[in-house]
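Reading through the structure tokens given below for one structure.
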Amino acid sequence: MAAPSSVIALPWYRRGDYAALLRLFSDPDKLPATYDAWLKRAESTERQLQKAAISVARVWIRPRPFAAWCQQRNLSPDQAARLTFANESARLLHSQC
């Protein structure tokens, strides 16, 4: 039996949401100021993980659902919350397969 492959969830953003997300996040300084700069960095990270034989799950973060998710859990909308959201969403999707 083959060993299960590693999967890393990466928060992913739409171009049209990026400015709103930066305003929402409590730590916008941890992300590039422009969508294009973020996308370049995110795609580079994705490629590096894939070269290491790690599967990547792109998890879309949208402003309203993410804000509601954070509010329900009394979390600051920061990097830790983004990663937790992405990982929970990926696990949920994976469990439905």
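The values are calculated or read from the model by the stated rules, or taken from the named source; none is laboratory data. This one's a predicted model, so the numbers in the text were calculated from it and none came from an experiment. We place every Cβ from the backbone using ideal geometry, glycine too, and count neighbours over all the protein chains shown.
Key figures
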| item | result |
| --- | --- |
| Selected residue [surrounded by fewer than 16 Cβ atoms within 10 Å (Cβ to Cβ), among the aliphatic types (A, V, I, L, M) and touching a residue at least 12 places away in the same chain (Cβ under 8 Å)] from ILE61, ILE8, ILE54 | ILE54 |
| Given (1) more than 17 Å from ILE8 (Cα to Cα); (2) at pLDDT below 95, index of the condition SER55 fails | (1) |
| Residue match in region 52-62 (condition: assigned to a loop (DSSP other than H, G, I, E, B) and among the basic types (Lys, Arg)) | yes |
| Check on SER76, modelled with pLDDT under 95, surrounded by 11 or more Cβ atoms within 10 Å (Cβ to Cβ), out of contact with any Lys or Arg (no Cβ under 7 Å at 6 or more places or on another chain) and of a type outside the set (A, V, I, L, M, F, W, C) | no |
| Candidates ILE61, ILE8 - the one that is touching a strand residue (DSSP E or B) at 6+ places or on another chain (Cβ under 8 Å), closer than 13 Å to ALA86 by Cβ and modelled with pLDDT of 95 or more | ILE61 |
| Test: residue in region 40-47 that is in a loop (DSSP other than H, G, I, E, B), surrounded by 14 or more Cβ atoms within 10 Å (Cβ to Cβ) and not acidic (Asp, Glu) | no |
| Among (1) surrounded by 15 or more Cβ atoms within 10 Å (Cβ to Cβ); (2) modelled with pLDDT under 95, the one test that TYR35 misses | (2) |
| Filter result for ALA20 (in contact (Cβ under 8 Å) with a residue 12 or more places away in the chain and either farther than 23 Å from LEU92 by Cα or assigned to a helix (DSSP H, G or I) (or both)) | yes |
